[in-house]
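In what follows, a structure is listed as structure tokens, so that the remarks can point back to it.
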Amino acid sequence: MCGIIGITGKRPVYTLITDTLKRLEYRGYDSAGLATTSQGRIDLWRAQGKLHNLEALIARSHEPPPGTCGIGHTRWATHGRPTENNAHPHISDNVAVVHNGIIENFRTLKSQLEKKGVHFTSETDSEVIVHTIDHHLKQGDSPLRATQKTLACLEGAFAIVILFREHPTMLIGARRGSPLAIGISEDTEEMYLSSDAIALAPFTQKICYLEEGDHAVITPHQFTLYNANNKKVERAFTLTATSGAISGKGEFPHYMLKEIYEQPAVVGETLETFIDSLKRTITMPSIGTIFGQSTTCRLIACGTSYYAAQVARILLERYAHISVHCDYASEFRYRDPMLRDGQPCLFISQSGETADTLAAMRLVRQHKKGKKNPCIALVNVAESSLARESDHFIVTHAGPEIGVASTKAFTTQLAALSCLTLALADHRGTLPQATIQTLANALIEVPTRINQILKQADAIKDIAHDLAKAHHVMYLGRDSLYPIALEGALKLKEIAYIHAHAHAAGEMKHGPIALIDETMPSIILAPPSAVQVKTLSNMAEIASRGGPIILISDARAIKKSAPQHAFAMPEVHDFTNPILYTIPIQLLAYHTAVSLGTDVDQPKNLAKAVTVE
Ligand code: G6P
């Protein structure tokens with residue numbers, strides 16, 4: 001959730017830290033802070049709100065932080081309001097700490113420390129880490145030993161980086177449950193610790209991910225890694241695939257819009273990795289072997305990725321005849337799920353770091369009854385924890401997604417899941433080769449079709465202008481378009497702060513219809529398909545009760561039903577409609593949010609990577 005960075009080198013690090021925090025801000029933006037150490041003191045700078053408040057604070061100072069070793073943090077509040085006092089780093093006499101995650105036993109530790117006379121200045125769980133380390137240092141322990149003793153008494157999931165007043169070139173980082181990576185730059189004689197390889201990309205691509213329970217001591221020239229048993233260990237460094245720097249917004253006013261417009265390219269790249277465009281065949285090596293003769297599977301995810309799982313369920317059942325059970329990871333992990341022997345489990349997560357999804361995978365791994373359940377990850381980050389802990393992973397090629405509301409990560413997930421469906425249909429012999437080729441062909445056309453839709457985006461601005469006046473909005477869809485209706489409602493809530501709810505169109509009569517009046521627009525997703533006529537009947541039921549309609553459908557259906565607002569979509573094979581119908585609902589949410597003047601890229605209370613429960 002929070003972004004953390006530590007840098008130790010030869011030059012003053014505060015601007016390097018604030019630049020890095022810009023790349024980490026998507027993880028949280030309730031407050032930001034940094035600390036550096038030099039001349040036997042720790043300099044601390046913290047500001048409530050976005051990073052620019054911290055930058056402005058430092059800019060106003062006559063004496064910017066001088067240290068060549070420092071730590072920084074961008075916060076998504078868990079314990080304690082988003083105030084300056086609760087902002088990280090937290091400091092004591094001898095240490096400063098940045099923390100991502102939750103210390104579950106902080107109340108016990110806090111009361112033990114208070115009994116020893118320690119005074120707490122924040123409402124956070126994180127402050128106990130600082131005072132516990134400080135306590136051990138004052139007892140004469142070395143920084144490493146004090147850290148190890150502290151780690152031994154912390155419960156929960158976390159990544160931390162610690163700065164020591166009396167050791168001005170050294171940082172210690174520890175990982176348990178939340179990611180942490182070391183980066184080395186040989187050119188600048190600098191060493192880094194960060195929650196995120198993206199943040200380190202402009203400095204170095206030489207990265208080593210700490211494993212569960214690891215901790216590391218770094219200085220400008222050296223690092224030493226220890227495992228959970230405090231034994232020295234070697235871990236491999238890899239060259240991260242993350243591109244050198246996240247390019248800016250270019251000509252676009254927001255990252256979200258830029259990312260919407262990147263979709264033809266990134267969906268195309270994702271499809272290219274799985275489809276042989278000449279033979280129209282699908283290549284997903286090993287997937288047949290992993291699935292074997294299994295006729296069932298589990299799909300587990302959170303947020304937007306969960307809606308991708310719901311689309312995949314429909315595709316896998318229809319085309320590959322695999323019976324699918326979808327679960328929210330946060331529910332799955334606590335409800336004693338009955339896994340069948342050897343049943344494959346597919347975990348979908350663009351970040352590959354979502355705490356609940358990771359925990360759900362670990363739960364499956366511990367499931368010892370019967371034949372092992374293979375764990376497959378579908379991720380956008382090949383080096384992510386989920387990918388590394390899986391038996392097999394599939395990668396989407398969305399590139400870094402900075403807008404907090406997921407757009408291109410979702411459509412690339414849908415593209416990969418469509419390919420997975422065809423690979424399994426082929427493996428199981430549920431579709432004739434000619435049909436597989438037709439469906440592969442429909443997928444290959446998707447980037448062109450997305451472009452076609454994007455060219456008509458102006459039509460959506462007018463609809464959005466009206467939608468911005470609504471306080472409640474209903475989305476309806478059937479079959480594979482029902483999860484897209486859910487995603488549409490989520491997007492509108494996330495960035496325009498308009499209450500929206502989505503229903504399977506057939507369920508509308510069983511309750512939601514009571515809400516219909518002239519103030520609540522309904523957005524109907526009705527592509528040509530076996531159920532189009534049913535959805536259009538539901539739409540008529542809303543219209544006859546005075547509910548305003550926004551119909552997203554093909555030109556013929558729009559002409560026949562003459563709704564208040566409509567957006568005409570290209571007619572394609574039903575197999576690819578979930579990907580294509582996502583584009584207008586993204587644009588609709590985006591332009592509605594822009595009309596309302598909300599913070600599109602960093603909506604309130606949200607964060608991109610949810611690495612806490
Ligand atoms: C957060 C993000 C969503 C994302 C969800 C799951 O809530 O704001 O956009 O869908 O986490 O993230 P994942 O990385 O697991 O796909």
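The values are calculated or read from the model by the stated rules, or taken from the named source; none is laboratory data. On a predicted model such as this, the values are computed, not experimentally measured, just so you know. No Cβ is skipped: glycine too gets one built from the backbone with ideal geometry, and neighbour counts run over all protein chains shown.
Among the residues making up region 591-611, those that are buried (at least 20 other Cβ atoms within 10 Å of the Cβ) and either of a type in the set (A, V, I, L, M) or within 30 Å of ARG333 (Cα to Cα) (or both) are ALA593, VAL594, VAL600, GLN602, PRO603, ALA607, LYS608, ALA609, VAL610, THR611.
Every condition in (1) crowded, with 22+ Cβ neighbours inside 10 Å; (2) farther than 13 Å from GLY70 by Cβ holds for LEU171 except the one numbered (2).
Could you list all residues from region 337-378 that are at positive phi and either outside the structural domain of TYR306 (by TED's automatic domain parsing) or within 23 Å of the chain's Cα centre (by Cα) (or both)? The one that is at positive phi and either outside the structural domain of TYR306 (by TED's automatic domain parsing) or within 23 Å of the chain's Cα centre (by Cα) (or both): GLY352. Given the criteria within 16 Å of the ligand (Cβ to nearest atom), free of Cβ contacts under 8 Å to residues at least 60 places away in the same chain and over 15 Å from ASN373 (Cβ atoms), does ALA301 qualify? Yes; evaluated as a whole, the condition is true for this residue. Checking the structure you have, find out if any residue of region 336-344 is touching a residue at least 24 places away in the same chain (Cβ under 8 Å), within 30 Å of LEU606 (Cβ to Cβ), away from the ligand (no atom under 14 Å from the Cβ) and of a type outside the set (Asp, Glu). Taking every residue of region 336-344 in turn, at least one turns out to be touching a residue at least 24 places away in the same chain (Cβ under 8 Å), within 30 Å of LEU606 (Cβ to Cβ), away from the ligand (no atom under 14 Å from the Cβ) and of a type outside the set (Asp, Glu). Considering THR20, THR15, THR37, the condition of being on the phi < 0 side of the Ramachandran plot, surrounded by fewer than 19 Cβ atoms within 10 Å (Cβ to Cβ) and β-branched (Val, Ile, Thr) is satisfied by THR15 alone.
Restricting TYR306, TYR334, TYR328 to those that are under 30 Å from LEU210 (Cβ atoms), of a type in the set (Phe, Trp, Tyr) and buried (at least 23 other Cβ atoms within 10 Å of the Cβ) reduces the list to TYR306.
Residue check: is ARG75 modelled with pLDDT under 90 and under 19 Å from GLY28 (Cβ atoms)? Against the criterion (modelled with pLDDT under 90 and under 19 Å from GLY28 (Cβ atoms)), ARG75 qualifies.
The criterion of at least 1 residues that are surrounded by 15 or more Cβ atoms within 10 Å (Cβ to Cβ) and over 35 Å from the mean Cα position of the chain (by Cα) is met by none of the strands (runs of 3 or more DSSP E) wholly inside region 506-590. Taking the condition in a helix (DSSP H, G or I), in the same structural domain as THR535 (by TED's automatic domain parsing) and surrounded by fewer than 15 Cβ atoms within 10 Å (Cβ to Cβ), does ASP466 pass? Here the answer is no, as ASP466 does not meet what is asked. Could we say that VAL217 is touching a helix residue (DSSP H, G or I) at 6+ places or on another chain (Cβ under 7 Å) and at pLDDT 95 or above here? Here the answer is yes, as VAL217 does meet what is asked.
Check whether at least one residue in region 492-503 is among the aromatic types (Phe, Trp, Tyr) and touching a strand residue (DSSP E or B) at 6+ places or on another chain (Cβ under 8 Å), and report yes or no. Checked region 492-503: no residue is among the aromatic types (Phe, Trp, Tyr) and touching a strand residue (DSSP E or B) at 6+ places or on another chain (Cβ under 8 Å). Return the residue satisfying two criteria in turn: it lies in region 275-298 and is of a type in the set (Gly, Ala, Ser) and in contact (Cβ under 8 Å) with a residue 60 or more places away in the chain, and of such residues it is nearest to the ligand (Cβ to nearest atom). Once the filter is applied, the top-ranked residue is SER286.
Taken over region 93-104, the criterion of being surrounded by fewer than 19 Cβ atoms within 10 Å (Cβ to Cβ) and either touching a Gly at 6+ places or on another chain (Cβ under 7 Å) or in a helix (DSSP H, G or I) (or both) is satisfied by GLU104 alone.
If you filter region 40-59 down to residues that are under 20 Å from GLY9 (Cβ atoms) and touching a residue at least 60 places away in the same chain (Cβ under 8 Å), you find that the one that is surrounded by the fewest Cβ atoms within 10 Å (Cβ to Cβ) is GLY40.
Here the condition is being surrounded by 16 or more Cβ atoms within 10 Å (Cβ to Cβ) and assigned to a strand (DSSP E or B); of GLY80, GLY72, it holds for GLY72 alone. In region 492-505, which residues are of a type outside the set (Val, Ile, Thr) and either surrounded by fewer than 15 Cβ atoms within 10 Å (Cβ to Cβ) or over 16 Å from SER480 (Cα atoms) (or both)? Matches in region 492-505: LEU492, LYS493, GLU494, ALA496, TYR497, HIS499, ALA500, HIS501.
One line per residue, one yes/no per condition, for (1) over 13 Å from ILE484 (Cα atoms); (2) in contact with a strand residue (DSSP E or B) (Cβ under 6 Å, 6 or more places away or on another chain):
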{"site": "SER561", "(1), (2)": "yes, no"}
{"site": "HIS565", "(1), (2)": "yes, yes"}
{"site": "ALA568", "(1), (2)": "yes, no"}
{"site": "GLN586", "(1), (2)": "no, no"}
{"site": "TYR590", "(1), (2)": "yes, no"}
{"site": "THR598", "(1), (2)": "yes, no"}
{"site": "ASP601", "(1), (2)": "yes, no"}
{"site": "ASN605", "(1), (2)": "yes, no"}
{"site": "THR611", "(1), (2)": "yes, no"}
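Among the residues making up region 82-101, those that are within 27 Å of the chain's Cα centre (by Cα) and modelled with pLDDT of 85 or more are THR83, GLU84, ASN86, ALA87, HIS88, PRO89, HIS90, VAL97, VAL98, HIS99, ASN100, GLY101.
Quick check on LEU299: is it modelled with pLDDT of 95 or more, surrounded by 24 or more Cβ atoms within 10 Å (Cβ to Cβ) and under 26 Å from the mean Cα position of the chain (by Cα)?
On the way: modelled with pLDDT of 95 or more: yes; surrounded by 24 or more Cβ atoms within 10 Å (Cβ to Cβ): yes; under 26 Å from the mean Cα position of the chain (by Cα): yes.
In short, yes.
Among the residues of region 225-240, not a single one is touching a helix residue (DSSP H, G or I) at 6+ places or on another chain (Cβ under 6 Å) and of a type in the set (A, V, I, L, M, F, W, C).
The residue that is farthest from the chain's Cα centre (by Cα), among those in region 144-161 that are surrounded by fewer than 22 Cβ atoms within 10 Å (Cβ to Cβ) and free of Cβ contacts under 8 Å to residues at least 40 places away in the same chain, is ARG145. The residue that is nearest to GLY173 (Cα to Cα), among those in region 106-126 that are touching a strand residue (DSSP E or B) at 6+ places or on another chain (Cβ under 9 Å), polar (S, T, N, Q) and surrounded by 14 or more Cβ atoms within 10 Å (Cβ to Cβ), is SER126.
Being within 15 Å of the ligand (Cβ to nearest atom) and modelled with pLDDT under 85 is the filter here, so list the residues in region 363-383 that pass it. Listed by number, the residues that qualify are ALA382, GLU383.
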